[in-house]
Each structure stands twice: as structure tokens, then as C-alpha cells.
Amino acid sequence: MYAGFESPKAPARSDGNINDWAEAISTTSPVMAARLNESRSAGFDRVEALGLPRYKRITTGLAEFLDDPDSILTELDSQQFYLSLVPNVNNLKRFSKTGLSCAQAIEFAASKVALEQRGFYDAVVQQYFKNRYGGVIVINPDGRIYIEFIKGKQSPVAKGNALPEFTAVNDRFTGTMRYSFDPTELRASVYRTLQAIPHDGSGRETIYIPGYYEFVLVGEQAGDELRPIFFDYKDDPLFYTAALNSPV
């Protein structure tokens with residue numbers, strides 16, 4: 001999991017996410033729970049506001065989506081999709097899944113929410129491309145940077161369900177990046193991802209906007225140049241690293 005943030009006593013579930021953590025600590029730490037438990041669309045909105053590379057997405061009412069799903073899916077110009085069914089009232093469960101074909105997206109939306117409850121849900125539909133690598137970037141207000149990621153999706157790292165396979169940190173004195181891996185192509189992709197974050201200056205004097213970022217590197221074919229896609233951005237001390245002493 002991202003450095004400096006230890007998850008609370010999370011439910012014993014393999015599919016636990018940040019909202020499950022929020023529920024688990026809601027009675028002992030309601031303020032922290034409220035900060036953790038937010039809709040996924042809030043993170044998307046912040047990514048969009050920063051102008052970070054992102055998937056094209058459409059948000060509409062679930063009933064409207066199921067009335068004419070083909071027109072919405074066609075507009076996204078993708079072979080696969082991420083679909084999130086987000087309740088617009090309290091006490092209803094959120095559903096989401098990635099890598100869906102057109103037919104699977106329609107079936108998922110129709111099967112997860114009962115007909116009489118569809119008016120209480122929005123559908124967030126977005127592009128989905130092959131995730132080659134995924135993970136998180138934490139940038140402290142003092143300029144320290146910590147990046148950790150794995151092969152595949154970013155969610156196992158973000159949820160704390162996987163140990164990072166690759167890490168990168170900036171040297172606190174020289175400002176240069178130190179990588180735990182050798183392939184120059186992958187180093188270049190990670191650096192391009194970091195450069196996609198709004199910043200001032202260049203080289204060792206670069207100052208990035210602090211915060212917590214979730215990202216993936218996508219490429220349809222194995223030899224394609226990898227490009228970053230961001231899913232979440234949070235500017236909250238809860239997500240900053242307390243120390244960056246991990247050797248690389």
C-alpha cells in the first residue's frame with residue numbers, strides 16, 4: 001500500500017476497498033471515515049479539474065443508460081468499458097466492474113439494480129484499455145515523491161491488497177529519481193507519468209502539485225509506448241507519506 005498510510009482494521013474480504021475501511025472505522029473515527037468514504041466520481045472530477053490524462057467518460061441516469069446503451073457506449077470509442085453504478089441516495093450499495101464488452105456492460109447494469117430502484121442510481125461509463133501497470137503516486141508538500149506500482153491494475157496497490165513490484169522515489173538532496181527497476185523504457189514511462197502532473201520548474205527544480213494520485217500505464221499491444229491514465233487525486237494529509245526511507 002502507499003507509504004505512510006496504514007489501513008485500519010479492514011473487513012476480512014478479498015474485495016475490500018477504501019469505502020470498506022471507512023465503514024470499519026466509522027464508530028471509532030467518524031471524521032476519518034467521512035474523508036475516506038466518498039464517491040469514486042469525486043476522484044474522477046478532481047482528475048478532470050487538474051487536466052490529468054484520463055479516460056473519456058459519460059455520466060447519466062441508470063434508467064436512461066439502459067434505455068439506449070448502444071449510443072452511449074459507441075460515443076466512448078472503446079472496445080471495453082468500466083461501469084460504475086452509483087446511488088444518488090444514502091444506504092444503497094455501489095457496484096462497479098472493469099473490462100466489460102458492450103454486451104457485458106448492459107447485462108451488468110441490468111442485473112445489479114432492481115427495476116424499481118433504477119431511478120436512484122447514476123451510471124458512470126468510461127473507456128477501458130489494457131492496464132500494463134498500475135499503482136499510486138504520493139507527493140508530499142515538502143517535495144518528497146514516492147511511487148509504487150505492479151503489473152496490471154492499480155486497485156490492488158490502492159486497496160493495500162498487493163505489495164509493490166516496482167518503486168521510485170526522489171532523492172531528497174539532489175532531486176533525481178531513484179528506481180528499483182532497470183528497464184529504461186519503463187523508467188521513461190514512469191517519468192512521463194510524473195511529468196503529466198501539473199508542475200512548475202524543470203529538472204531538479206521541478207515542483208509538483210502535492211497529493212495522492214492513482215494511475216495506470218496503458219497500451220493495447222505489448223510493444224506499444226505506454227501512456228498514463230489517472231483515476232484519482234486527493235489533496236489530503238491523510239494520504240501523505242510520513243517518511244520516505246524505503247531503499248531502492
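For this structure, a couple of remarks:
- Candidate set: segment 166-207, residues that are in contact (Cβ under 8 Å) with a residue 24 or more places away in the chain and aromatic (Phe, Trp, Tyr); chosen: the one surrounded by the fewest Cβ atoms within 10 Å (Cβ to Cβ): TYR179
- Selection of segment 148-206 for residues being basic (Lys, Arg), at pLDDT below 90 and more than 24 Å from GLU48 (Cβ to Cβ) yields ARG172, ARG204.
- Note on segment 44-60: among residues that are aliphatic (A, V, I, L, M) and either in contact with an Asp or Glu (Cβ under 9 Å, 6 or more places away or on another chain) or on the phi > 0 side of the Ramachandran plot (or both), the one that is surrounded by the most Cβ atoms within 10 Å (Cβ to Cβ) is VAL47.
- Within segment 121-135, considering residues that are touching an Asp or Glu at 6+ places or on another chain (Cβ under 7 Å) and at pLDDT below 95, the one farthest from ARG187 (Cα to Cα): PHE129
For (1) farther than 18 Å from PHE44 by Cα; (2) hydrophobic (A, V, I, L, M, F, W, C), each residue gets a yes or a no:
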| position | (1), (2) |
| --- | --- |
| LYS159 | no, no |
| GLU165 | yes, no |
| SER189 | yes, no |
| ARG192 | yes, no |
| HIS199 | yes, no |
| ILE207 | yes, yes |
| GLU214 | no, no |
| ASP224 | yes, no |
| PHE231 | no, yes |
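- In segment 123-138 there is no residue matching the filter, namely being surrounded by fewer than 17 Cβ atoms within 10 Å (Cβ to Cβ), more than 24 Å from ASN161 (Cα to Cα) and in contact with a helix residue (DSSP H, G or I) (Cβ under 9 Å, 6 or more places away or on another chain).
- Each residue in segment 61-87 was checked for being surrounded by 11 or more Cβ atoms within 10 Å (Cβ to Cβ) and either within 21 Å of the chain's Cα centre (by Cα) or of a type in the set (Asp, Glu) (or both), and 14 pass.
- Applying the condition of being β-branched (Val, Ile, Thr), in contact with a helix residue (DSSP H, G or I) (Cβ under 9 Å, 6 or more places away or on another chain) and not in a strand (DSSP E or B) to segment 146-184 and asking which residue is nearest to GLY203 (Cα to Cα) yields THR176.
The values are calculated or read from the model by the stated rules, or taken from the named source; none is laboratory data. Being a predicted model, the structure only gives us computed values, none of them experimental. Note that each Cβ is placed from the backbone with ideal geometry, even for glycine, and that neighbours are counted across all protein chains shown.
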